[in-house]
Amino acid sequence: MENQQDAVATKKEPLIGYVHSIETFGSVDGPGIRYVAFLQGCHMRCQYCHNPDTWKLNVGDQMTTDEILADAAKYRAFWGKTGGITVSGGESLVQIDFILELFEKAKAMNISTCLDTSGQPFTREQPFFDKFERLMKVTDISLVDIKHINSAEHKKLTQYGNENILDMVQYMAEHHKDMWIRHVLIPQRTDYDNYLTELGEYIATIPNNVVQKVEVLPYHTMGVKKYHEMKIKYRLEGIESPTSDRVANAEKLLHTADYNGYKTWMPLPKL
């Protein structure tokens, strides 16, 4: 009886994640068809963010990793050889403990894992760095959003510099972790040839051929209504989406056509 009571007393409570929303048939958030869990919480305040309702921490639908995996498994037949689970945000790494447990369980089930991140929480300080190293071991591929290559401009755009974000990219590359690089093209913010050229040159220096794809994401205004509803000032009022010519120009300067690994990419085998 006493041993049973001790077991109950020491039983680990399930880890809870705060989920903003779920997309069951995601086709743009990583390779193949993917089950996408958008987690709640983000420290950055990007001027163009179209989901300001994801900023707050510790709110949203509470789910365990087992609940997400059980729900995701319903759609496994549609994933094929490259699909699987993507964790996005908000900023996914704000809930690194939850993602780590989720991905470790997913890889044990031979489910492909994809991390969608802007990298802002990254640090080589503990305890975060130890968790991040473990997370990378069970992450097949990452979608990394480089919001601006110039740190001062990055801070104007997001309220944070980019030094730790680029450090995260280098860590991933040095450890042969595949990634897609994404960049949002915004008139009067990121759509300048000198910055695009600099970003393109930076991406070309990323070692070990880990960059599988480079994407230009045209800025859009679909989130403006949320700002009005939440009574938050929208910083890009009056700025329209970039023209197709400017998107093509950005793709040329970022050399997006040179990164074709995604066409034949396959996830890591089961651990």
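The values are calculated or read from the model by the stated rules, or taken from the named source; none is laboratory data. Quantities reported herein were computed from a predicted structural model and do not represent experimental measurements. Positions of Cβ are backbone-derived with ideal geometry, glycine not excepted, and every protein chain shown enters the neighbour counts. Ligands, DNA and RNA are excluded from the accessible area calculation, which covers all protein heavy atoms including side chains. Shrake-Rupley method; radii C 1.70, N 1.55, O 1.52, S 1.80 Å.
Computed quantities for the displayed model
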| item | result |
| --- | --- |
| Sole exception among (1) over 20 Å from the mean Cα position of the chain (by Cα); (2) buried (at least 19 other Cβ atoms within 10 Å of the Cβ); (3) under 28 Å from Pro269 (Cα atoms) for Asn208, by number | (2) |
| Single condition Ala248 does not satisfy, out of (1) of a type in the set (A, V, I, L, M); (2) surrounded by 15 or more Cβ atoms within 10 Å (Cβ to Cβ); (3) without any contact (Cβ under 8 Å) to a residue 24 or more places away in the chain | (2) |
| Matching entry among Ile146, Ile141 (being closer than 20 Å to Gly26 by Cβ and of a type in the set (A, V, I, L, M, F, W, C)) | Ile141 |
| Residues satisfying the stated conditions in the stretch 188-201, i.e. open to solvent by 40 Å² or more (accessible area, probe 1.4 Å), in contact (Cβ under 8 Å) with a residue 40 or more places away in the chain and either within 30 Å of Thr264 (Cβ to Cβ) or of a type in the set (Lys, Arg) (or both) | Arg189, Thr197, Glu198 |
| Near pairs, Cβ below 7 angstrom, 6+ apart or cross-chain, from the stretch 214-230 (closer than 28 Å to Gly200 by Cα) to any residue that is in a strand (DSSP E or B) and among the basic types (Lys, Arg) | Glu215/Arg182; Leu217/Arg182 |
| Output for the stretch 28-53, where each listed residue is surrounded by fewer than 23 Cβ atoms within 10 Å (Cβ to Cβ) and not in a loop (DSSP other than H, G, I, E, B) | Val36, Phe38, Pro52, Asp53 |
| Residue among Lys147, Lys137 that is within 22 Å of Gln95 (Cβ to Cβ) and more than 16 Å from the chain's Cα centre (by Cα) | Lys137 |
| Subset of the stretch 216-245 [hydrophobic (A, V, I, L, M, F, W, C) and open to solvent by 40 Å² or more (accessible area, probe 1.4 Å)] | Leu217, Met222, Met230, Ile232 |
